[in-house]
Amino acid sequence: MFEIISPHQFRQLPWKNGKGQTTELAINEGGTVSDFEWRLSIAEVVEDGPFSDFSGYQRTLILIEGNGIELRHDQASVSNLRNILDVATFDGGSETVATLAAGAIKDFNVMARNGKYKVVVNTFAEHRVILPQRTDPGFIYCLAGSAEITSTEHHLTATLPAHHLLKLDASAPRDLRVSGEQMIEIGLTPL
């Protein structure tokens, strides 16, 4: 149905390029940092420099803290994340170089193997009631405050605290609603 994953269940891992650390929130069963189907993580970027090479993966990056970051891909296209919950999607195999706008930032990463999953990411800055995507798995990350999870059909009420991750599967109630602000919704649909 659903599971609330708390920060003490997250794992701290070094970046592939050794220049920082990532907090892994969730990964497909049996997945590792070098071989996975999908993975959710949070990273702090404290200096300008190259991103790790994740060839074979699509990356979606969401700014969750700080004053912004510019991502230059293959010395050509540019993604600017200036505001909290701004989103950039790019090829994990691109040569991506980050330039910080003004100090360290934190970003939320969604990575999925090319050709295996369709990834849909929605961000909600203002208070909103959402019906989560019908995907398996699906996730909602609460960035600030808390979100309320309800299902009338199942007489269910739960709270998703800030910095916790809600994981949903195919058996989640059809009338499940999540009410809150500053939320990130991730849907992963196998292709």
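Here Thr96 fits the description: among the β-branched types (Val, Ile, Thr) and touching a Pro at 6+ places or on another chain (Cβ under 8 Å).
Every test in (1) small (Gly, Ala, Ser); (2) more than 21 Å from Asn122 (Cβ to Cβ); (3) buried (at least 17 other Cβ atoms within 10 Å of the Cβ) is passed by Gly68 save one, and that test is (2).
Filtered by the rule that a residue be in a strand (DSSP E or B) and either surrounded by fewer than 17 Cβ atoms within 10 Å (Cβ to Cβ) or out of contact with any Asp or Glu (no Cβ under 9 Å at 6 or more places or on another chain) (or both), the range 74-87 gives Ser77, Val78, Asn80, Val87. For Asn67, the conditions (1) touching a Gly at 6+ places or on another chain (Cβ under 8 Å); (2) polar (S, T, N, Q); (3) without any contact (Cβ under 8 Å) to a residue 12 or more places away in the chain are fulfilled apart from (3).
Candidates in the range 117-137 are the residues that are of a type in the set (A, V, I, L, M, F, W, C) and in a loop (DSSP other than H, G, I, E, B); of these, the one that is surrounded by the most Cβ atoms within 10 Å (Cβ to Cβ) is Ala125. If you go through the range 138-179 and keep only what is in contact with a Leu (Cβ under 6 Å, 6 or more places away or on another chain), touching a residue at least 60 places away in the same chain (Cβ under 8 Å) and either surrounded by fewer than 16 Cβ atoms within 10 Å (Cβ to Cβ) or not hydrophobic (A, V, I, L, M, F, W, C) (or both), you end up with just Tyr141.
The condition of being outside the structural domain of Asp53 (by TED's automatic domain parsing) and in contact (Cβ under 8 Å) with a residue 12 or more places away in the chain does not hold for Leu100. For the range 44-65, a residue qualifies if it is touching a Phe, Trp or Tyr at 6+ places or on another chain (Cβ under 6 Å), crowded, with 21+ Cβ neighbours inside 10 Å and over 15 Å from Asn114 (Cα atoms), and the qualifying residues are Ile62, Ile64. Taken over the range 159-176, residues that are within 13 Å of Met1 (Cα to Cα) and either under 19 Å from the mean Cα position of the chain (by Cα) or of a type outside the set (S, T, N, Q) (or both) amount to 10. When Ser41 is tested against the conditions (1) surrounded by fewer than 19 Cβ atoms within 10 Å (Cβ to Cβ); (2) touching a Phe, Trp or Tyr at 6+ places or on another chain (Cβ under 8 Å), the lone failure is (1). Evaluated against (1) touching a Gly at 6+ places or on another chain (Cβ under 9 Å); (2) part of a strand (DSSP E or B), Val110 falls short on exactly one condition, (1). Of the residues that make up the range 97-110, is at least one under 30 Å from Thr159 (Cβ atoms) and of a type in the set (Lys, Arg)? For the range 97-110, residues under 30 Å from Thr159 (Cβ atoms) and of a type in the set (Lys, Arg): present.
The values are calculated or read from the model by the stated rules, or taken from the named source; none is laboratory data. Just so it is clear, the structure is predicted and the values come from calculations on it, not from any experiment. Please note: Cβ atoms are built from the backbone with ideal geometry, for glycine as well, and neighbour counts cover all protein chains shown.
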